[in-house]
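A.B. asks: Structure incoming, see below.
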Amino acid sequence: MPSRVLFVHNDPIATEALLGEAFSDAGFEIDTFTVVPAERTGEPAVDVTFPDPTGYDVIVPLGARWPVYDDALRATWVGAEMAMLRDAAAAGVALLGVCFGGQLIAQAFGGTVGRAPAPEIGWYDITTDRPELVAPGPWFQWHFDRWTLPPRAVEIARTTDASQAFVLDRTLALQFHPELDHAVLVDWLADDRDGEALALGLDHEELLTQTRQLGDDAAKRARGLVNAFLTYVAPRPS
């Protein structure tokens, strides 16, 4: 019976992209679940019933434009998703959190999330203690918040302004976006109504050109990350 992975689309434009290809190449059947539908992105405090996590081998909560510590969201789907992730981990399901998803994992397991001293948008190299698991990059970033580590978590990568990866049992949380490809970035920039990238002096065309140029290497890094996650983090203890 093939392994199954669930990608949680917390935000309708934050999809699995390169990560979906990598898990598919690794032999996984892929399911997706959308949390906030496109028509509710302006009012995202929706009530959600999540799938049973025990039907999956891996769950991947993906990115989102909102803060995980927003009170209205914690009272609705963020709180429900954190409970689902705790249930998943307790049942032996491996977790891979991406950006908002990584922050969600940190918050769910006893860490905190708050504003970072500076936003990170664009391609960044990172300092990594375990390059066989999380390579130094470059990796794409788009975030304004950062986490503090949950109890027992081990940080394995960082930049000057934010922790970038931690491992907790059979969970890997990432602050960066290994899934990002050119098509995803086109959607994000088109949806950037508040001009977050431009406010940091980042030119849209330069970001798109750089992403196009890095496309093949980014796909290789995404595959390498998924394979390393499945090798070093996800296996059940013998």
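The values are calculated or read from the model by the stated rules, or taken from the named source; none is laboratory data. In this text the structure is predicted, and so the values were computed from the model without any measurement. Ideal geometry is used to build each Cβ from the backbone, glycine not excepted, and the neighbour counts take in all protein chains shown. Calculation scope for accessible area: heavy atoms of the full protein, side chains included, ligands and nucleic acids excluded. Shrake-Rupley method; radii C 1.70, N 1.55, O 1.52, S 1.80 Å.
This table checks each residue for (1) open to solvent by 10 Å² or more (accessible area, probe 1.4 Å); (2) among the charged types (D, E, K, R); (3) touching a strand residue (DSSP E or B) at 6+ places or on another chain (Cβ under 7 Å).
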site: 7; (1), (2), (3): no, no, yes
site: 22; (1), (2), (3): no, no, no
site: 27; (1), (2), (3): yes, no, no
site: 31; (1), (2), (3): yes, yes, yes
site: 65; (1), (2), (3): yes, yes, no
site: 70; (1), (2), (3): yes, yes, no
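A.B. asks: Let me ask you something else. Within the group 41, 54, 76, which residue is open to solvent by 40 Å² or more (accessible area, probe 1.4 Å) and β-branched (Val, Ile, Thr)? Give the derivation first.
C.D. replies: Values: 41 fails: open to solvent by 40 Å² or more (accessible area, probe 1.4 Å); 76 fails: open to solvent by 40 Å² or more (accessible area, probe 1.4 Å).
Unique residue meeting the criteria: 54.
A.B. asks: So for segment 87-96 (the condition being part of a loop (DSSP other than H, G, I, E, B), closer than 19 Å to residue 10 by Cβ, in contact (Cβ under 8 Å) with a residue 24 or more places away in the chain and open to solvent by 30 Å² or more (accessible area, probe 1.4 Å)), does at least one residue qualify? Don't jump to the end; show me each part of the working.
C.D. replies: So the first thing to find is which residues in segment 87-96 are part of a loop (DSSP other than H, G, I, E, B), and the list is 91-93.
Filter once more, so that each one left must be closer than 19 Å to residue 10 by Cβ: 93.
From what is left, the residues that are in contact (Cβ under 8 Å) with a residue 24 or more places away in the chain are 93.
Within this subset, residues satisfying the condition of being open to solvent by 30 Å² or more (accessible area, probe 1.4 Å) are none.
No, that holds for no residue.
A.B. asks: Let me ask another. Could you check residue 231 against (1) without any contact (Cβ under 8 Å) to a residue 60 or more places away in the chain; (2) closer than 20 Å to residue 113 by Cβ and say which number it fails?
C.D. replies: Status for residue 231: all satisfied but (2).
A.B. asks: Also: How many residues does segment 136-168 contain that are in a loop (DSSP other than H, G, I, E, B), farther than 21 Å from residue 86 by Cβ and small (Gly, Ala, Ser)?
C.D. replies: So in segment 136-168, the residues in a loop (DSSP other than H, G, I, E, B) come out as 136-138, 149-153, 159-162.
This time we only want the ones that are farther than 21 Å from residue 86 by Cβ, so: 136-138, 159-162.
Among the residues that remain, those that are also small (Gly, Ala, Ser) are: 137, 162.
Number satisfying all stated conditions: 2.
A.B. asks: Within segment 209-216, does at least one residue satisfy the condition of being under 22 Å from the mean Cα position of the chain (by Cα) and within 18 Å of residue 63 (Cβ to Cβ)?
C.D. replies: Checked against the condition, which is being under 22 Å from the mean Cα position of the chain (by Cα) and within 18 Å of residue 63 (Cβ to Cβ), segment 209-216 yields at least one hit.
A.B. asks: Would you please list the contacts, defined by Cβ atoms under 8 Å and residues six or more apart or on different chains, that run from a residue in segment 203-221 that is within 18 Å of residue 178 (Cβ to Cβ) to a residue that is small (Gly, Ala, Ser) and not in a helix (DSSP H, G or I)?
C.D. replies: These pairs meet every condition: 207/122; 210/122; 221/135; 221/137.
A.B. asks: Residue check: is residue 133 in a loop (DSSP other than H, G, I, E, B), among the hydrophobic types (A, V, I, L, M, F, W, C) and in contact with a helix residue (DSSP H, G or I) (Cβ under 7 Å, 6 or more places away or on another chain)?
C.D. replies: On the way: in a loop (DSSP other than H, G, I, E, B): yes; among the hydrophobic types (A, V, I, L, M, F, W, C): yes; in contact with a helix residue (DSSP H, G or I) (Cβ under 7 Å, 6 or more places away or on another chain): yes.
Against the criterion (in a loop (DSSP other than H, G, I, E, B), among the hydrophobic types (A, V, I, L, M, F, W, C) and in contact with a helix residue (DSSP H, G or I) (Cβ under 7 Å, 6 or more places away or on another chain)), residue 133 qualifies.
A.B. asks: Still on this structure, please answer the following. Hey, could you check segment 164-195 for residues that are open to solvent by 60 Å² or more (accessible area, probe 1.4 Å) and acidic (Asp, Glu) and say which is nearest to residue 232 (Cα to Cα)?
C.D. replies: Among those residues, the one meeting the criterion is 169.
A.B. asks: Quick one: is residue 157 open to solvent by less than 40 Å² (accessible area, probe 1.4 Å) and either free of Cβ contacts under 8 Å to residues at least 24 places away in the same chain or out of contact with any helix residue (DSSP H, G or I) (no Cβ under 9 Å at 6 or more places or on another chain) (or both)? Break it down into steps so the answer makes sense when it comes.
C.D. replies: On the way: open to solvent by less than 40 Å² (accessible area, probe 1.4 Å): yes; either free of Cβ contacts under 8 Å to residues at least 24 places away in the same chain or out of contact with any helix residue (DSSP H, G or I) (no Cβ under 9 Å at 6 or more places or on another chain) (or both): yes.
Yes: the conditions hold for residue 157.
A.B. asks: Now, a different point. Can you tell me which residues in segment 20-79 are touching a residue at least 40 places away in the same chain (Cβ under 8 Å) and in a helix (DSSP H, G or I)?
C.D. replies: Result: 20, 21, 22, 23, 25, 53, 55, 77.
A.B. asks: Of the residues that sit in segment 125-154 and are in contact with a Gly (Cβ under 7 Å, 6 or more places away or on another chain) and either among the acidic types (Asp, Glu) or on the phi > 0 side of the Ramachandran plot (or both), which one is least open to solvent (accessible area, probe 1.4 Å)?
C.D. replies: 145
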